[in-house]
Ligand code: GLN
């Protein structure tokens, strides 16, 4: 039996000593207000047991981690039709890269880069009656926690500074790959990115990806096959131009966000999340990557 608590404690002690904790994302002004010393980690086993260390109950901006949740919801709504509008190839490029859209005739490389997530947002704006409220309810339901909410200041802050995302959305629109207005789609996208969640809530929300599509309450939210495919996309595309490095160092499907969160899953075994706001040069949590590398090394548990 693995002593998970001892391992989390050891990782915490190791990483907080690191003098270079990376740099907080400042391009969304509201995100720069976070304390760079924060560090939390949470593990949830399929059996239900939980282990935590540090600031695992402190909320933070999940940012691009939300892209996996919108993808799951969109897949449950329109199934394989998604793949007419977005591809599943890793990009090897930063999250906000635009030229891919031109090369692929308006079809983003995958749903976890910004342009792909904007197409998924467009699908949900079309499919949902009250897009922002319905998506929030979906996240609350799969997590089993009604306290989760959008951080409206973060959403507004990104709306005021998200020129790159406006450019991506306009480019998609020019290729007829957005059915709704740029403003409506980006309003939804900025809200989904502003979702505030704790490490503990994230391991619960992502439980369905480790549990063959069934959420914590054992309700099937996506099919087994969809869970398998989303895990494949997280593994190959979840860390932008650092997806190879994450697979190499950690060996789990996962997703990062510029708020400094990372959540990962070992199908049939557990979900794990970590938060440390400082990012490396590729926009992924610096200590978060290190912590997860230590976790899979010390427990000898990864998909490989
Ligand atoms: N909201 C951010 C953006 O679109 C998300 C980026 C991220 O977390 N990588 O720029």
Point to revise | Max mean-square fluctuation residue, GNM over the chain, Cα-Cα springs under 10 Å, options 93, 280, 14 | key: 14
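At 0.36 nm per residue, and after removing the present C-alpha to C-alpha distance, how many nm does the segment from residue 27 to residue 93 gain when stretched out fully?
On the way: separation 66, 0.36 × 66 = 23.76 nm, distance 1.81 nm.
Gain on stretching residue 27 to residue 93: 21.9 nm.
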Exercise for review: Report, to the nearest 10°, how far helix 66-78 tilts away from the longest principal axis of the Cα atoms in the chain, using its own Cα long axis and a range of 0 to 90°.
Suggested key: 60 degrees
Practice item. Using only Cα atoms, find the angle between the long axis of helix 4-16 and the longest principal axis of the chain, and express it within 0 to 90 degrees, rounded to the nearest 10. Key: 70 degrees
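Kindly state, to the nearest 0.05, the FRET efficiency for residue 58 paired with residue 164, given R0 = 22 Å and r defined as their beta-carbon distance. If you can, show how the numbers build up before the last one.
Details: r = 28 Å, r/R0 = 1.29.
After rounding, the FRET efficiency stands at 0.20.
Tell me, what are the semi-axes, in whole angstrom and largest first, of the equivalent ellipsoid of the chain as set by the roots of 5 times the Cα gyration tensor eigenvalues?
So the equivalent ellipsoid measures 28, 21, 18 Å along its semi-axes.
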Practice item. Specify the inter-centroid distance of segment 144-187 and segment 1-52, based on alpha-carbon positions, in whole Å. Key: 28 Å
Revision key, fill the gap. For segment 109-174 the mean separation of alpha carbon contacts under 8 Å (6+ apart) over residue count, i.e. relative contact order in percent, is 35 percent
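For residue 183 and residue 137 in the same chain, what is the full-extension length gain: residue separation times 0.36 nm, less their Cα-Cα distance, in nm?
Working: separation 46, 0.36 × 46 = 16.56 nm, distance 2.20 nm.
Gain on stretching residue 183 to residue 137: 14.4 nm.
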Revision key, fill the gap. Measuring from the longest principal axis of the C-alpha atoms of the chain, the long axis of helix 131-143 (C-alpha) lies at a number of degrees, nearest 10, equal to 20 degrees
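Want the number for residue 153 to residue 176: 0.36 nm per residue separation, take away the alpha-carbon distance, what's left? Before the final figure, lay out the partial values.
Details: separation 23, 0.36 × 23 = 8.28 nm, distance 3.10 nm.
Value of the extension gain: 5.2 nm.
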Point to revise | Computed over the chain: relative contact order in percent, which uses C-alpha pairs under 8 Å that are six or more apart | key: 27 percent
Point to revise | Modelled FRET efficiency - R0 25 Å, residue 146 with residue 78, Cβ distances, 0.05 increments | key: 0.40
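Each reported figure results from applying straightforward, stated rules to the coordinates on display, with no laboratory input. Note that the coordinates shown come from a computational prediction; the quantities given were computed from them, not determined experimentally. Glycine also receives a Cβ, built like all others from the backbone with ideal geometry; neighbour counts cover every protein chain displayed.
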